[in-house]
Amino acid sequence: MHKSGVILVWFVAIATVGAVLLTSKMLDVRGSWLKVVEKNKTQIQKNSAEIEAREKERQQLLSELTRTMLGWDRYWDAEVSVENAQTGVVRVRLNNNQALGGDMSAEAAATQVFYAFQPDPANPNGSRFVGTFRFVPNTRDALVPVNPPLPGEVATWKNGVWRLRELVPLNYINTLRNLRDELVQSEEQFQLKQDRLEDLNRLLAAAKERLETRVSELLGSETAPQDEVLPVEVRKGLVAGLEVEEQERNQEFVETDQLRRDLITIYQKQLELIDEVSKLSNQLPKPKS
């Protein structure tokens with residue numbers, strides 16, 4: 001064999017051995033890559049499910065946020081001070097001399113309603129509903145309650161920063177309306193009970209006055225006149241008068257009884273005298289016939 005052929009044979013043999021080694025290594029690498037791909041595929045599927053769940057959650061939260069924003073609409077944080085504790089009128093001041101409600105016509109301002117919230121002292125991060133307000137006519141910096149405030153209600157309003165909302169969700173409006181109706185009904189019932197209590201107190205006072213009058217008539221009064229010419233019942237009361245009359249009656253009974261006894265004695269003496277006269281008459285001589 002020619003030398004070049006021998007060299008070529010050895011070259012082919014070496015190349016074959018190298019190819020086998022490279023092929024084996026390539027298969028190992030391919031196997032490891034397939035494992036990585038399979039692992040990544042599983043992770044991708046897991047991530048896809050998680051991403052889908054997170055996307056659904058995001059969409060749900062976004063929908064809730066949208067509904068909430070649609071229900072609450074715009075709001076303004078304003079410095080509020082109570083101007084009239086009787087009518088509930090409050091003065092409103094925004095930063096940079098802004099107008100409450102933004103740009104709106106006089107007709108829109110006349111019908112605009114604001115829902116006021118003030119900080120809740122019991123909950124530093126919370127707020128408490130104050131009431132519904134509208135603009136004082138021909139003003140943009142003063143508000144008056146839509147419903148007249150209940151007694152003592154304005155005293156719970158604190159000067160400071162209030163949040164004035166242009167709109168609140170319908171369910172809140174219904175709840176607030178129901179609570180307002182319950183408050184009004186409770187106030188009416190309380191007023192009725194107060195009136196009834198006042199009537200009872202007047203009746204009680206009148207009854208006490210009549211009782212005192214009757215007692216003074218029966219037992220006498222310290223202010224009654226004491227002139228001796230007046231009857232005893234006028235000076236000392238009916239009870240004392242009745243006692244005096246009873247004593248007089250008892251005395252008359254005693255005198256009457258004594259007179260009755262005396263009369264019986266006299267009657268008996270008369271009977272005795274009649275009997276004696278009859279006896280003496282029989283002793284007289286009878287006339288001759």
Open item on the list: Viscosity 1.567 mPa s, temperature 4 °C: give me the Stokes-Einstein translational D for region 73-168 in µm²/s, with Rh taken as the Kirkwood radius over C-alpha pairs.
Closed with: 96 µm²/s
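Multiply the residue separation of LEU94 and THR111 by 0.36 nm, subtract the distance between their alpha-carbon atoms, and state the gained length in nm to one decimal. Intermediate values should be presented prior to the final figure.
Values: separation 17, 0.36 × 17 = 6.12 nm, distance 2.03 nm.
Going from the current span to full extension adds 4.1 nm.
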- [ ] Please give the helix 238-283 orientation as an angle from the longest Cα principal axis of the chain, in degrees from 0 to 90, rounded to the nearest 10.
- [x] 30 degrees
TODO: Quick one: order TRP162, TRP10, TRP157, TRP72 by neighbouring beta-carbon count within 10 Å, fewest to most.
DONE: TRP10, TRP72, TRP157, TRP162
Task: Cα gyration tensor shape of region 170-219, rounded if a/c is under 1.5, else prolate or oblate by comparing a/b with b/c - done: prolate
Open item on the list: Per 0.36 nm of contour for each residue apart, how much would the distance between TYR172 and GLU79 grow if the chain were fully extended, relative to their Cα-Cα spacing?
Closed with: 31.1 nm
Open item on the list: Nearest 10 degrees is fine. How inclined is helix 3-72 to the longest principal axis of the chain, computing both from alpha carbons?
Closed with: 20 degrees
Task: Simple label model, 7 Å out from Cα along Cβ direction - ALA13 to VAL146, nm - done: 10.4 nm
Task: In nm, spacing of pseudo-spin labels at ALA240 and ARG54 (7 Å Cα→C-beta vector) - done: 10.5 nm
Open item on the list: From the alpha carbon gyration tensor of region 16-71, can you work out the equivalent ellipsoid semi-axes (sqrt of 5 times each eigenvalue) and give them in Å, largest to smallest?
Closed with: 52, 7, 4
Task: Computed E for ASN159/THR213 - FRET, C-beta separation, R0 35 angstrom, nearest 0.05 - done: 0.05
TODO: Could you point to the label whose value was computed as mean projected area of the Cα convex hull in nm² for the structure here, given (1) 36.0; (2) 14.8; (3) 58.9?
DONE: (3)
Task: Sequence ranges 238-247, 196-205, 276-285, ranked by mean other-Cβ count within 10 angstrom, highest first - done: 238-247, 196-205, 276-285
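How long is the gain from ARG261 to LYS193 if the chain were fully straight, where each residue apart is worth 0.36 nm and the alpha carbon distance is subtracted?
On the way: separation 68, 0.36 × 68 = 24.48 nm, distance 7.10 nm.
Difference between extended and current length: 17.4 nm.
Could you put VAL80, VAL146 in order, starting from the residue whose Cβ has the fewest other Cβ atoms within 10 Å? Walk me through the intermediate numbers first.
Working: VAL80 23, VAL146 14.
In order of increasing Cβ crowding within 10 Å: VAL146, VAL80.
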Open item on the list: Along the Cα→Cβ direction, 7 angstrom out, place labels at ASN47 and LYS35. What is the inter-label distance in nm?
Closed with: 2.1 nm
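Where does each of LEU61, LEU164 land when they are ranked from fewest to most other beta-carbon atoms within 10 angstrom? Walk me through the numbers before you get to the answer.
Working: LEU61 10, LEU164 21.
In order of increasing Cβ crowding within 10 Å: LEU61, LEU164.
Read the figures in this text as sums done on the coordinates, not as results from a lab. Computed from a predicted model, the values in this text were never measured in an experiment. Quick reminder, even Gly has a Cβ in these numbers, built from the backbone with ideal geometry, and neighbours come from all protein chains shown.
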